[in-house]
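The values are calculated or read from the model by the stated rules, or taken from the named source; none is laboratory data. These numbers come from a predicted model, not from an experiment. When we count neighbours, we look across all protein chains shown, and the Cβ atoms used for this are built from the backbone with ideal geometry, even at glycine.
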Amino acid sequence: MAAEIRLFTCLTDNFGYLIHDPATKATASIDAPEAAPIIKALEREGWTLTDILITHHHHDHVGGVAELKQKYNCRVVAPHDKAARIANVDLRAGQGDVVKVGGLLARVLETPGHTLDHISYVFDSEKALFAADTLFSIGCGRVFEGDYPMMW
């Protein structure tokens, strides 16, 4: 059975995503901007959070990690750059790694372009890419680290 993906709003200007494997009941949140909307989406679907897949260290992507980790004892996967100071990380991932969420496989791509440590998750069999803040139609978006030529 194919994965189920849910989209919902977080903060005032972000979206949150859940990806769920119906066969194993595993559910991952892509980033964790804040806990309350994620908990609400999980409860609405009747799912339990097993994983948080972090794309980068900015607060609007990790602000809910501690509360979710405490509530669900879920695994937190984050970029391999330990200098990013993301709390509660269980597994560091980088280019070429594969992260399992139940029976779903996510290929990790290093995608600096917003931050130096940014990674994206590609669920090939689901035809789903979670690129957070690095997929732009032109340019490289707002740069917080490095410089524009580097990020381009």
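Looking only at residues in the range 136-152 that are part of a loop (DSSP other than H, G, I, E, B) and at pLDDT 70 or above, which one is surrounded by the fewest Cβ atoms within 10 Å (Cβ to Cβ)? Checking each candidate, the answer is ASP147.
Table: residues versus (1) assigned to a strand (DSSP E or B); (2) exposed (fewer than 15 other Cβ atoms within 10 Å of the Cβ); (3) in contact (Cβ under 8 Å) with a residue 24 or more places away in the chain; (4) out of contact with any helix residue (DSSP H, G or I) (no Cβ under 6 Å at 6 or more places or on another chain).
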{"position": "THR9", "(1), (2), (3), (4)": "yes, yes, yes, yes"}
{"position": "HIS20", "(1), (2), (3), (4)": "yes, no, yes, yes"}
{"position": "ALA23", "(1), (2), (3), (4)": "no, yes, yes, yes"}
{"position": "PRO33", "(1), (2), (3), (4)": "no, no, yes, no"}
{"position": "ILE39", "(1), (2), (3), (4)": "no, no, yes, yes"}
{"position": "LEU49", "(1), (2), (3), (4)": "no, no, yes, no"}
{"position": "GLN70", "(1), (2), (3), (4)": "no, yes, no, yes"}
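Of the residues making up the range 78-122, those that are buried (at least 21 other Cβ atoms within 10 Å of the Cβ), more than 25 Å from PHE144 (Cα to Cα) and either of a type in the set (Val, Ile, Thr) or out of contact with any Asp or Glu (no Cβ under 8 Å at 6 or more places or on another chain) (or both) number 2. Screening the range 51-62 for residues that are buried (at least 24 other Cβ atoms within 10 Å of the Cβ) and in contact with a helix residue (DSSP H, G or I) (Cβ under 8 Å, 6 or more places away or on another chain) and picking the one that is modelled with the lowest pLDDT gives HIS56. The single condition from (1) crowded, with 19+ Cβ neighbours inside 10 Å; (2) in contact with a strand residue (DSSP E or B) (Cβ under 8 Å, 6 or more places away or on another chain); (3) under 16 Å from ASP133 (Cβ atoms) that ALA3 fails is (3).
Criterion first (touching a Cys at 6+ places or on another chain (Cβ under 7 Å) and either of a type in the set (Phe, Trp, Tyr) or modelled with pLDDT of 95 or more (or both)) does PRO37 satisfy it?
Yes.
The condition (being in a loop (DSSP other than H, G, I, E, B), in contact (Cβ under 8 Å) with a residue 40 or more places away in the chain and more than 12 Å from the chain's Cα centre (by Cα)) is satisfied by just one residue among HIS114, HIS56: HIS114. Considering the conditions (1) among the aliphatic types (A, V, I, L, M); (2) more than 17 Å from GLU126 (Cβ to Cβ); (3) more than 13 Å from the chain's Cα centre (by Cα), ALA2 is excluded by exactly one of them, (2).
Quick check: is even one residue across the range 14-32 closer than 21 Å to ARG107 by Cβ, among the polar types (S, T, N, Q) and in contact with a strand residue (DSSP E or B) (Cβ under 7 Å, 6 or more places away or on another chain)? Within the range 14-32 (the criterion being closer than 21 Å to ARG107 by Cβ, among the polar types (S, T, N, Q) and in contact with a strand residue (DSSP E or B) (Cβ under 7 Å, 6 or more places away or on another chain)), the answer is yes, since at least one residue qualifies. Scanning the range 72-102 for residues that are under 16 Å from HIS118 (Cβ atoms), among the basic types (Lys, Arg) and touching a residue at least 24 places away in the same chain (Cβ under 8 Å) returns a single hit, ARG85.
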